[in-house]
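Heads up, the thing below is written out as structure tokens.
The values are calculated or read from the model by the stated rules, or taken from the named source; none is laboratory data. Being a predicted model, the structure only gives us computed values, none of them experimental. Here the Cβ positions follow ideal geometry from the backbone for every residue, glycine too, while neighbour counts run over all protein chains shown.
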Amino acid sequence: MNRFFAFGCSFTNSAYPTYADILSLNFDHYQNWGRGGSGNHFIFNSIIEANQRHNFSTDDTIIVQWTNTGREDRYSHNGWIGDGNIYSQLTYDEDWVKKYITERGCLLRDLAFIQAVYLLLINAKCNFKFISMVPLSKHDEWIDHNNSEVKNNDIYQVYKEVLQVIRPSFYETVYNKQWLTEMYHNGKLRDSHPTPNEHLEYIRKVLPEFIITDKMEEFAEQETIKFLNNQKSNFKRSLVKRF
């Protein structure tokens, strides 16, 4: 039995099908461990737990979608807390963020997680791919703008080998480095997440070893229509509330 496990944030597991759900059509067994708003700490923990439960092997395909390093994950009484970008979330107050969060600390933490997962999957001899929401091999605009690449060059050099394994991000491909915020454009409301069709295009561009079938194309097209209709409806409701 060929098994497929996907790990990531909302770009892996969302209200509408992602690249993982589309690719799953080609597998006998599928598990999506993604969680919206989660960071690389959560992703790391998920992979370790999944391996403990299911014992990854040469018959398995694993795709890990790493995310922005500026996120904070922790397990509390009611489960995992993960609210996206640490600088725009509502869980931790501003004083806590200023006291405990630095870009260098986030990089040291997350790149170590990525390296550990890389060694685990190499050892398991499974078929694995690393992708990402945003670039991780250099400074990203979601954290700090103070000469990050210069300040943290030593960290990037230490983890240079594993960073080269991560394929081009959604930000670089689907969005062409133009991050989409919520807007109404050409009759279609858009948010910051790809449509199912854009996830399919990401597979074409970044994961070309996977065969795109007619079934996958039909599925992505149908789900994209639902996605855009729902977004348009939500936009109209927001206008009613606003005015």
Any chance T91 is of a type outside the set (A, V, I, L, M, F, W, C), within 25 Å of H193 (Cβ to Cβ), modelled with pLDDT of 95 or more and touching a strand residue (DSSP E or B) at 6+ places or on another chain (Cβ under 7 Å): no
Name every residue in the stretch 1-23 that is part of a helix (DSSP H, G or I) and farther than 23 Å from Y118 by Cβ, in order of residue number. D21, I22
The stretch 115-133 - residue that is closer than 17 Å to K160 by Cα and buried (at least 20 other Cβ atoms within 10 Å of the Cβ) and, of those, farthest from the chain's Cα centre (by Cα): V117
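Go through the stretch 94-130 and count every residue that is in a loop (DSSP other than H, G, I, E, B) and modelled with pLDDT of 95 or more. Give the steps one after another, and end with the answer.
Just the residues of the stretch 94-130 that are in a loop (DSSP other than H, G, I, E, B), to begin with: 101-102, 125-126.
So of that shortlist, the ones also modelled with pLDDT of 95 or more come out as 125-126.
Final tally of qualifying residues: 2.
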Give the residues of the stretch 30-43 that are surrounded by 22 or more Cβ atoms within 10 Å (Cβ to Cβ) and either among the polar types (S, T, N, Q) or more than 12 Å from the chain's Cα centre (by Cα) (or both), sorted by residue number. S38, N40
The stretch 78-114, residues that are under 15 Å from I155 (Cα atoms), surrounded by 17 or more Cβ atoms within 10 Å (Cβ to Cβ) and aliphatic (A, V, I, L, M): L107, L111, I114
Could you grab the pairs with beta carbons closer than 7 Å, sequence gap of 6+ or different chains, first residue in the stretch 203-232 and touching a residue at least 40 places away in the same chain (Cβ under 8 Å), second one in a helix (DSSP H, G or I) and among the β-branched types (V, I, T)? I203/I22; V206/T173; F210/I203; M216/I22; F219/I22; A220/I22
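Might you let me know whether the stretch 25-34 holds any residue that is assigned to a loop (DSSP other than H, G, I, E, B), under 23 Å from P135 (Cα atoms) and in contact with a Phe, Trp or Tyr (Cβ under 9 Å, 6 or more places away or on another chain)? Steps first, answer last, please.
Just the residues of the stretch 25-34 that are assigned to a loop (DSSP other than H, G, I, E, B), to begin with: 27-28, 33-34.
Subsequent filtering for residues that are under 23 Å from P135 (Cα atoms) retains 33-34.
Now drop any that are not in contact with a Phe, Trp or Tyr (Cβ under 9 Å, 6 or more places away or on another chain), which leaves 33-34.
Yes, the stretch 25-34 contains at least one residue that is assigned to a loop (DSSP other than H, G, I, E, B), under 23 Å from P135 (Cα atoms) and in contact with a Phe, Trp or Tyr (Cβ under 9 Å, 6 or more places away or on another chain).
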Qualifying residue in the stretch 46-62 (condition: surrounded by 24 or more Cβ atoms within 10 Å (Cβ to Cβ) and within 19 Å of M133 (Cβ to Cβ)): no
Find all pairs meeting these conditions: Cβ atoms under 7 angstrom apart; at least six residues apart or on different chains; first residue within the stretch 77-90 and at negative phi; second residue polar (S, T, N, Q). W80/S38; I81/T91; G82/S38; D83/Q89; D83/T91; N85/N68
Any pair with Cβ under 8 angstrom, 6 or more apart, that starts in the stretch 162-177 at a residue that is farther than 13 Å from V206 by Cα and ends at one that is at pLDDT below 95: L163/L136; L163/S137; L163/Y156; Q164/S137; K177/Y171
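Which of the residues spanning the stretch 131-149 are of a type outside the set (G, A, S) and modelled with pLDDT of 65 or more? Talk me through it step by step, then tell me what you get.
Filtering the stretch 131-149 for residues of a type outside the set (G, A, S) gives 131, 133-136, 138-147, 149.
Scanning the stretch 131-149 gives I131, M133, V134, P135, L136.
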Select from the stretch 44-60 the residues that are more than 17 Å from the chain's Cα centre (by Cα) and of a type in the set (S, T, Y) and list them in ascending order. S57, T58
